[in-house]
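Here is the structure we will look at, set down as structure tokens.
No value in this document is a laboratory result; all are computed from the given coordinates. Note that this is a predicted model, so its numbers are computed, not measured. All Cβ positions, even for glycine, are placed from backbone atoms using ideal geometry, and neighbour counts span all protein chains on display.
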Amino acid sequence: MVAEKKYSFSFTAASLRTRELSLVAKHVLENPIDDIEGVLGHGKRTTGKRYLVEMVKWLNVLTEEQKTLLLEGNFNVQKEITFIAVCKNFAFIRDFIIEVIREKYIVFDYEITNGDYLSFFRRKAESHPEIDKLTEVTQNKVRQVTFKILEQAGLINNIKSKMIQPQIIEPQTKKVILKDNSELFKIFLYSDFDIQTLTS
């Protein structure tokens, strides 16, 4: 049996940082921004440095067209591209969305419970020993930030009631997904039929 790729949990340091990622895109792809670390960390250069390292990783998984949208798109488009970067980088979040949230949404079950998350977490721990190595504090942080990212991306209404929201993707985002990998529509809760319709 092939071992699954290890989950990374470095998203706990960032959540969905749309403005920061677009700033880093400008810094890397256009013109260097003076004291980018200070800007990202709101004056705290150590924090900014950590964000910069993390954001460059996110940027690196995007296609050239996706990076262009991060620079030129409106805030909604930038947020969708940032969400794509998060899901490309962090299989834990992507798997939770596709295996739990999308499956519930497709059968018109719109409420995510703590039990849904816990079942997913325990199931994944069986094939991902790195999960067992997380301290209780880190486990709580992973759960909190996962739901924060889902709220920021608009997949759920808020972190308290966790009601799944219908997704409407901007046309420019649809185009760059189609050119990249249509499977990415699943993170926006599209059904297989909807994806097939888009790609045919």
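Only lysine pairs 8 or more places apart or on separate chains count here, and in segment 42-115 those with Cα atoms under 22 Å apart total 12.
Modelled this way, with points 7 Å down the Cα-to-C-beta line, the labels at K5 and V53 are 2.1 nm from one another.
Near I156, the amide H atoms lying under 5 Å from its own belong to E151, Q165; only residues 5 or more places off or on other chains count, and H is placed 1.01 Å from N.
Sorting 115-125, 94-104 by average packing, meaning the other beta carbons within 10 Å per residue, from highest down gives 94-104, 115-125.
Taken along its three principal axes, the alpha carbon spread of segment 26-136 comes to 46, 33, 22 Å, from the longest extent down to the shortest. Normalised by 2.2 N^0.38 Å, where N counts its residues, the alpha-carbon radius of gyration of segment 104-152 equals 1.27.
GNM remark for the chain: springs join alpha carbons under 10 Å apart, and the peak mean-square fluctuation among I112, I177, I33 falls on I33. Remark on segment 1-89: Rg and Dmax equal 13.5, 49 Å (Cα only). The charge dipole of segment 42-196, taken about its Cα centre with unit charges on the Cβ atoms of Lys, Arg (+1), Asp and Glu (-1) only, comes to about 720 debye. Shown for the chain is the translational diffusion coefficient from the Stokes-Einstein equation, using the Kirkwood radius over Cα pairs, a temperature of 25 °C and a viscosity of 0.890 mPa s: 139 µm²/s. In a reduced charge model with +1 at each Lys and Arg Cβ and -1 at each Asp and Glu Cβ, segment 1-105 shows a dipole moment near 340 debye about its Cα centre.
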